[in-house]
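One structure is given here, and the rest of the page talks about it.
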Amino acid sequence: MTGLGSKAIWRQRLIYLPLILVLGYLVVWPLIKLQTLAFENGARGYRSQYGRADILDTLQTTAALAFFSLVIAMVCGTVLAFATSRLPRRMGFLRLVPILPIVIPSVANVVGFAFLLSPGPGYINILLRMLPWWSDLQSGPVNVYSPTWIIIITGFSLTSFVYLFVSAGMQNISGEHLEAAQISGSTTIGTFFKIVLPLLRPSLIYGAGVALLLGLGQFTAPLLLGQNEGVKVLATEMYLRASESPINFAAAAAAGSPLVVVGILVVFGQKVLLGNQSRFVTHGGKSFAPVGGSSPWAAVIVAVYGLVALVLPLAGVIIVSLTPYWSGELSWDLFTLANYEALISTPGIVDSVVTSVVTSIIAVLICVPIGFGVANLMVRRQDLKILRTLADLVTALPMGIPAVIFGVGFLLTYTEPPLILYGTKAVIVLVYVVLMIPFATRMQLTALISMGDKYEEASAVSGAGPVATMLRVTLPMLRPTILSSIALMFILLTHEFAASLMVRSATTQVMGTLLYDHWSNGSYTLVAAMAILMSAVTGAGVAVAMLVGGRNVLEKL
Amino acid sequence: MSFPKIKAAVASGAALALILTGCSSGSGSGSELAGSWDEIVTAARDEGSVTIYSTHSPDNLEALKKAFEAEYPGISLTYVRGTDADILPKIEVENSTGSGVADVHMTTDAGWISRSLETDYSAEVVAPAIENPEYDAAESVIEDKFFLTSATVFGLGWNTTNVPEGLSTPDDVLNPRLQGKVGIQNPNGIATYVDMYRKIDVDYGADFLDRLVTVKPRVYPSAVAITQALASGEVWAAPMAASNIVTEQDKGAPVGFALPEKPWGVPWYSHVLASAPNPNAAQLLADFLLTPAGQAAISADYLSVLPDVPGTGVPGSTVTAQDVELGDPDTLDPESVEQFQAEWEQKFLR
């Protein structure tokens with residue numbers, strides 16, 4: 001190596017080092033603070049949390065929720081990905097259906113299911129009780145507050161994530177690979193198992209890993225539905241310990257530790273299993289051609305999923321939002337728009353919308369350049385090994401560690417000197433940045449990897465410098481990815497609930513946390529109207545994303 | 001500098017700038033309590049806003065907001081309604097970080113009130129309404145800080161569609177027909193409910209809790225949530241329902257309410273917070289809470305701290321908030337509450 005070369009490397013290091021340090025402070029420091037506290041005074045936090053009489057139940061419920069909702073999500077997600085690839089031409093619009101549940105905020109979705117499946121006044125239960133074999137029941141037959149239904153609802157909510165990963169993987173498979181296999185004499189099924197599935201391995205592993213971690217850290221459904229029957233998971237335990245008087249941060253940290261450990265293991269596991277990611281360069285001259293043509297059954301499968309996961313809960317929310325009080329007995333004279341008027345007159349609701357939108361936009365604007373910087377470091381700077389590894393791990397951590405843990409960590413970190421940010425929007429923005437860094441980074445990283453280096457080499461051979469190549473080749477090629485990542489991050493953030501619930505203050509609220517407060521107060525009809533409002537805000541975000549990024553921006557998620 | 005370098009630098013700069021912005025965003029108006037009451041009223045108008053945290057019914061807090069803003073145009077009232085489990089940690093964090101949001105805080109937690117007297121959470125209340133002889137400051141104010149504001153009596157609530165015959169004694173709730181359709185409060189983090197469970201275990205008939213288990217009650221975070229569950233028909237009966245059921249009745253909800261022979265009640269006490277960002281408006285609100293107009297709002301369908309306030313109290317009785325005793329703080333320390341919670345969970349959530 002020449003002296004000049006090593007000087008250039010040092011310059012690179014100095015450029016990327018502040019980025020890594022800031023990321024380290026944001027992502028890792030709150031986790032270290034939590035663990036330090038949990039181990040203080042002879043691990044008092046661990047003794048307090050794991051000495052509880054119900055801790056075994058809590059651990060079992062957490063594991064069951066993660067495992068079974070993962071199974072549901074993997075099966076539904078993969079079937080949907082395959083089904084959407086076989087949709088008849090006229091039914092192409094159904095491709096959006098598996099992604100749409102992401103647009104419906106999880107709190108809205110969960111309360112929608114509660115309105116439908118509450119054992120007493122749940123609308124579907126009332127219809128089911130009209131059937132001859134259930135006509136003698138006074139409540140049920142479905143109990144949305146039971147662990148089984150919490151798992152099913154969680155599984156549905158994770159399905160979209162698995163679908164995203166698997167279908168993205170399918171679309172990235174070049175038709176050349178498939179044609180080559182067929183020319184070499186492989187059958188359709190053989191091609192699927194020998195070519196498609198192996199090339200899907202990164203998507204499947206990522207999808208399963210992400211769904212498992214989301215399931216482990218699942219918070220919304222257990223918190224909103226589980227309280228009636230004492231269903232506890234580690235994430236809700238963290239919330240409860242951090243919202244006691246006096247706040248028991250040490251026990252909250254200890255409650256979250258198993259999730260942190262599994263998160264780190266899964267993140268490492270994914271890296272080992274995927275190995276050298278450049279093996280998965282799939283860009284070729286031809287795009288994915290579905291194996292075996294289209295089928296009307298595919299449309300039926302997608303439509304049924306849309307009905308169950310999307311239309312029904314939304315219908316439940318709409319009906320409750322139009323009544324003066326939630327009741328199983330509906331009549332036309334009950335219908336009212338008072339709850340929508342209350343959205344304006346009830347203190348804090350309009351503010352919460354503004355806070356959600358503003359904090360989400362600021363966080364997204366901060367995340368995109370960070371993600372681009374990290375993705376570039378990882379793909380184009382093979383020479384900066386240590387920094388690359390650090391950046392890789394730090395940006396992957398928030399994917400592995402549930403949002404509620406960052407919420408508690410941020411509450412702890414920013415209610416103490418030197419930086420007291422309690423009650424400010426800044427702390428919400430910071431935690432949002434941390435939560436979205438993996439999405440910002442991974443999406444741009446995947447695009448850069450898939451692109452390979454042949455375009456940049458071609459540009460260089462044609463005489464363009466690095467800046468010209470970046471501006472005229474790389475960035476234009478990344479534009480759809482960046483726009484998709486902005487859309488995805490904005491949608492995810494306007495829904496964000498778990499971390500926001502920890503860092504919000506009583507008057508600095510986002511939409512999801514205020515909705516939860518009204519849910520706890522039993523203001524179900526107002527909650528329903530708020531759920532519609534939240535969906536509308538996200539819907540507006542999606543519409544803007546489509547205007548800017550093209551009609552198929554959602555499909556690029 | 002090449003493009004990726006610029007991007008990397010911009011990224012780290014942006015994150016750093018955000019942190020620095022956050023640093024400077026303090027809270028609180030920095031205003032101080034004025035001298036005379038007239039000066040306090042003037043200063044309160046300058047502050048222009050006041051925030052109350054309360055466990056009272058959302059309908060009553062909304063009524064309080066309207067009444068206060070009508071009395072003092074130009075000063076907006078923000079209320080935050082939650083359970084003690086939601087609110088108490090916020091009060092503590094706001095105090096410890098000096099980032100006060102709440103000006104006045106209203107609670108029923110006897111243990112917390114007692115413990116907070118040893119801290120610097122509260123400011124002395126100087127509202128002239130305290131001197132009203134009908135209010136009886138000697139009985140109603142604790143150490144010049146916590147002042148009695150309202151009270152509730154819990155009774156029997158039912159859904160009139162599903163239980164048309166209504167309830168008259170706590171034992172009526174134990175009818176096997178009501179299995180799975182009885183709503184009760186989760187005492188998690190709420191000392192007031194711990195006190196309630198201990199008392200009704202005796203007053204509702206011996207070992208009432210052991211007998212209550214047999215109807216497999218559904219659990220809700222607060223009495224307010226139970227009222228809604230009764231209205232929706234999600235549960236049909238509740239042995240410890242709040243009197244705000246009457247408010248839902250007026251909206252047309254199919255619910256009924258009756259007091260048992262030995263009802264359990266709890267008073268709300270309020271205090272002006274030392275970390276209040278609007279200390280003058282806080283005193284003004286404290287004063288307003290103790291006026292007939294304030295009581296008509298905050299104590300509608302509940303017990304007033306003043307006699308003869310229309311829309312408050314129990315029909316046919318002269319009972320006021322002063323007649324309802326605050327729990328014994330010695331039995332409501334955090335350890336004892338946590339232990340009761342564990343026992344309660346073993347009973348009701350197994």
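Counting only heavy atoms of protein chains, what accessible area per residue, in Å², does the stretch B:163-229 have with a probe of 1.4 Å?
34 Å²
Roughly speaking, to the nearest percent, how much of the stretch B:168-322's 1.4 Å accessible area is carbon and sulfur?
With neighbouring chains kept in place, the figure for the stretch B:168-322 is 54 percent.
Please list B:Trp264, A:Trp332 from largest to smallest accessible area, probe radius 1.4 Å, with all protein chains kept in place.
I get A:Trp332, B:Trp264, largest accessible area first.
Restrict the search to the stretch B:208-294; then list the GluC sites (Glu not before Pro) that DSSP places in a loop and that have at most 10 other Cβ atoms within 10 Å of their Cβ.
B:Glu261
For B:Thr192, B:Thr214, what's the largest-to-smallest order of accessible area, 1.4 Å probe?
B:Thr214, B:Thr192
Beyond a 21 Å Cα-Cα separation, which of these cross-linked pairs lie in this structure: B:Lys216/B:Lys347; B:Lys66/B:Lys145; B:Lys145/B:Lys199; A:Lys425/B:Lys66; B:Lys181/B:Lys251; A:Lys7/A:Lys385?
Those over the limit are B:Lys66/B:Lys145; B:Lys145/B:Lys199; A:Lys425/B:Lys66; B:Lys181/B:Lys251.
Shape verdict for the stretch A:306-450, please, from the Cα gyration tensor: rounded (a/c under 1.5), prolate (a/b greater than b/c) or oblate.
Prolate.
Could you give the angle, 0 to 90 degrees to the nearest 10, between helix B:279-289's Cα long axis and the longest principal axis of the Cα atoms of chain B?
It works out to around 20 degrees.
Expressed in nm to one decimal, what extension gain is obtained for the pair B:Val141 and B:Thr169 from 0.36 nm per residue of sequence separation less their Cα-Cα distance?
That works out to 6.7 nm of additional length.
For the stretch B:157-276, what class follows from the C-alpha gyration tensor (a ≥ b ≥ c being the square roots of its eigenvalues): rounded when a/c is under 1.5, otherwise prolate if a/b is larger than b/c, else oblate?
oblate
Please compute, for peptide A:139-149, the average count of beta-carbon atoms on other protein chains lying within 10 Å of each residue's beta-carbon.
Taking all residues of A:139-149 together, the mean is 1.
Could you report the buried accessible area between B and A, both sides summed, computed with a 1.4 Å probe and given in Å² to the nearest 100?
It comes to approximately 5400 Å² buried between B and A.
Looking only at other chains, what is the average number of their beta-carbon atoms within 10 angstrom of each beta-carbon in A:239-249?
That average works out to 5.
With all protein chains present, calculate the accessible area of A:Trp326 using a 1.4 Å probe and round the result to the nearest 10 Å².
So the heavy atoms of A:Trp326 present about 0 Å² to solvent.
Of B:Ala296, B:Ala67, B:Ala138, which is the most mobile in a GNM of chain B whose springs link Cα atoms less than 10 angstrom apart?
With Cα springs under 10 Å in chain B, the top fluctuation among B:Ala296, B:Ala67, B:Ala138 is at B:Ala138.
Using 13 Å as the cut-off for backbone N distance, which residues of the stretch B:248-287 belong to the label zone defined by a point 7 Å from the Cα of A:Thr336 along Cα→Cβ?
Flagged as within label range: B:248-254.
So for the stretch A:97-252, Kirkwood radius off the Cα pairs, Stokes-Einstein at 10 °C and 1.306 mPa s: how many µm² s⁻¹?
Rounded to a whole number, D works out at 85 µm²/s.
At most 12 other C-beta atoms within 10 Å and a DSSP loop state: those are the exposed trypsin sites (Lys or Arg not before Pro) I care about. Give me the longest piece of chain A that has none.
In short, A:1-285.
Express the carbon and sulfur contribution to the solvent-accessible surface of the stretch A:421-488 as a percent, rounded to the nearest whole number, probe 1.4 angstrom.
66 percent
Give me the accessible area of A:Asp383, 1.4 Å probe, in Å² rounded to the nearest 10.
About 70 Å², ignoring ligands and nucleic acids.
If the reach is capped at under 15 angstrom between alpha carbons, list the aspartates and glutamates near A:Lys33, excluding any in the same chain fewer than eight residues apart.
A:Glu416
Antiparallel versus total DSSP beta bridges in the protein assembly as shown: what percent is that, nearest 5?
So the antiparallel bridges in the protein assembly as shown amount to around 65 percent.
Hey, can you list the DSSP H helices of chain A whose Cα span along the axis is 30 Å or longer and whose average Kyte-Doolittle score is at least -1.0?
Helices passing the filter in chain A: A:3-50, A:55-85, A:147-172, A:249-274, A:349-380, A:425-451, A:524-549.
Calculate the length of the line joining the C-alpha centroid of the stretch A:35-105 to that of the stretch A:392-422, in whole Å.
Rounded to whole Å, the Cα centres lie 20 Å apart.
Using only the alpha-carbon atoms, what does the protein assembly as shown span along each of its principal axes? Please give whole angstrom values in decreasing order.
Largest to smallest, the principal-axis extents are 94, 71, 52 Å.
Would you tell me the mean number of C-beta atoms belonging to other protein chains that fall within 10 Å of each C-beta in B:78-88, as a whole number?
5
Can you list the HN-Hα couplings for the stretch A:217-224, worked out from phi with the Karplus curve (6.51, -1.76, 1.60; θ = phi - 60°), rounded to whole Hz and with x for Gly and Pro?
With coefficients 6.51, -1.76 and 1.60, one gets x, 4, 10, 4, 5, x, 6, 6 Hz.
Determine how large the accessible area of B:Glu39 is when every protein chain is in place; take a 1.4 Å probe and give Å² rounded to the nearest 10.
Counting only protein heavy atoms, the figure is 100 Å².
The values are calculated or read from the model by the stated rules, or taken from the named source; none is laboratory data. Here the structure is a predicted model, which is why all the values come from computation and not from measurement. Cβ: placed from backbone, ideal geometry, glycine included. Neighbour counts: every protein chain shown. These area figures cover heavy atoms from the full protein model, side chains too; ligands, DNA and RNA do not enter into them. Shrake-Rupley method; radii C 1.70, N 1.55, O 1.52, S 1.80 Å.
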